[in-house]
Every structure is written in structure tokens, then in C-alpha cells.
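One structure below.
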Amino acid sequence: MSLIRATARPLQASMFLYGGLGALRRPDRVAAAAEPVVRTLAGQVPVVPRDTVTAIRLNAGVQVVAALALATGRATRLSALALAATLVPVTWAGHRFWAAEDEAERARQRIHFFKNLSMLGGLLVTAADNGAGPTLAWRARHGLHRATGS
């Protein structure tokens, strides 16, 4: 593993570990903001719990486990995808700048919203990072060539 990857992965995971542990310990702090999002998602996605606190803890647990895996270089692509999946509802619920009436609060939430979009972009890059090994597409083509003898 390169020095950059070994350094970047724990840095990238740090916010998810911190935020996930905080949400596990005190889900009530975000329950009011999360409730409408949980209600909407639970009605559309069967695996999302209908109880807001349970959904918050489930999301937080995924964040903690995936952050630890990413930080330690275990299943990094899967971990990055899991963190990306948890980031979408967190951003939707927690940083609704368009709904804020106070201009200062709107500006604060807009910053957090776009920060989360940036984090999402980084996670997607990490999920696509194959560690300088062959891509899945190359492996498929190469396997096909070997199987057909061409």
C-alpha cells in the first residue's frame, strides 16, 4: 500500500468514526432532524427501520464499522461505498440549507451540505481505487482472452 493511501484512508474515515460514535451514544440529538427522512426512506426502502432512533443507530453502526475498516485498509472499496450510502441520508436530513429561514443558519448548513458532497466525491474515488492493480474491466477482458485462447 502506498504511503498516500495509508495516510489518506484514516484521515477520510475519521469524521465517520467520530460522527458515528456520537450518533450511537446520543441518537436523540439528531432524531428531530432525521425523523422526516427516516419516515420517507422507511416507506420506500424495506430495510430501513421505521423507528427513527433505531435507524439512526443502524446508520451510525455502519459508519463506525466501515470507518474502522477503511482506516485499517480492510475491504476499502466496500467500506467507502458503505460510508457513501450512509452519507446521503445524513446530508439530506441534517443540512437542509434550503429550508433554513435564518440567513446565518442557511449559510452554515450550505457549507456543511457542500462539505458532505465533497466527502461523498472522495468516497466514490476511494471506492473506485483498485490500489494500482488491474481494474475489473481489465480482469474480465483478460480472463475472456485466456478462456478463448485469443
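Only one of the numbered conditions (1) open to solvent by 30 Å² or more (accessible area, probe 1.4 Å); (2) farther than 25 Å from Val45 by Cα; (3) in a helix (DSSP H, G or I) is not met by Leu70, and that is (1).
Being of a type in the set (D, E, K, R) and more than 23 Å from Ala93 (Cβ to Cβ) is the filter here, so list the residues in the stretch 103-150 that pass it.
Once the filter is applied, which keeps residues that are of a type in the set (D, E, K, R) and more than 23 Å from Ala93 (Cβ to Cβ), the stretch 103-150 yields Asp129, Arg139, Arg141, Arg146.
For the stretch 16-28, check the following and say yes or no: at least one residue is in a helix (DSSP H, G or I), more than 16 Å from Gly94 (Cβ to Cβ) and small (Gly, Ala, Ser). Checked the stretch 16-28: no residue is in a helix (DSSP H, G or I), more than 16 Å from Gly94 (Cβ to Cβ) and small (Gly, Ala, Ser).
Quick one: which of Thr54, Thr91 is out of contact with any Gly (no Cβ under 7 Å at 6 or more places or on another chain), in a helix (DSSP H, G or I), open to solvent by 30 Å² or more (accessible area, probe 1.4 Å) and without any contact (Cβ under 8 Å) to a residue 40 or more places away in the chain? Step through it out loud before you land on a result.
Details: Thr91 fails: open to solvent by 30 Å² or more (accessible area, probe 1.4 Å).
Selected residue: Thr54, the only one of Thr54, Thr91 that is out of contact with any Gly (no Cβ under 7 Å at 6 or more places or on another chain), in a helix (DSSP H, G or I), open to solvent by 30 Å² or more (accessible area, probe 1.4 Å) and without any contact (Cβ under 8 Å) to a residue 40 or more places away in the chain.
Among the residues making up the stretch 94-134, those that are in contact with a Ser or Thr (Cβ under 9 Å, 6 or more places away or on another chain), surrounded by fewer than 16 Cβ atoms within 10 Å (Cβ to Cβ) and either of a type in the set (S, T, N, Q) or outside any helix (DSSP H, G or I) (or both) are Asp129, Gly131, Ala132. Would you call Arg74 free of Cβ contacts under 8 Å to residues at least 12 places away in the same chain and more than 25 Å from Ala127 (Cα to Cα)? Here the answer is no, as Arg74 does not meet what is asked.
Are there any pairs with C-beta distances below 6 angstrom linking a residue in the stretch 95-107 that is more than 18 Å from Ala31 (Cα to Cα) and at pLDDT 95 or above to a residue that is charged (D, E, K, R) and open to solvent by less than 60 Å² (accessible area, probe 1.4 Å), with the two at least 6 apart or on different chains, and if so which? Between residues of the stretch 95-107 that are more than 18 Å from Ala31 (Cα to Cα) and at pLDDT 95 or above and residues that are charged (D, E, K, R) and open to solvent by less than 60 Å² (accessible area, probe 1.4 Å), there is no close pair.
The values are calculated or read from the model by the stated rules, or taken from the named source; none is laboratory data. This structure is a prediction, so every number in the text was calculated from the model and none was measured. Cβ coordinates were reconstructed from backbone atoms using ideal geometry, including for glycine residues, and neighbour counts include every protein chain displayed. In case anyone asks, the SASA skips ligands and DNA or RNA and just uses the protein heavy atoms, side chains included. Shrake-Rupley method; radii C 1.70, N 1.55, O 1.52, S 1.80 Å.
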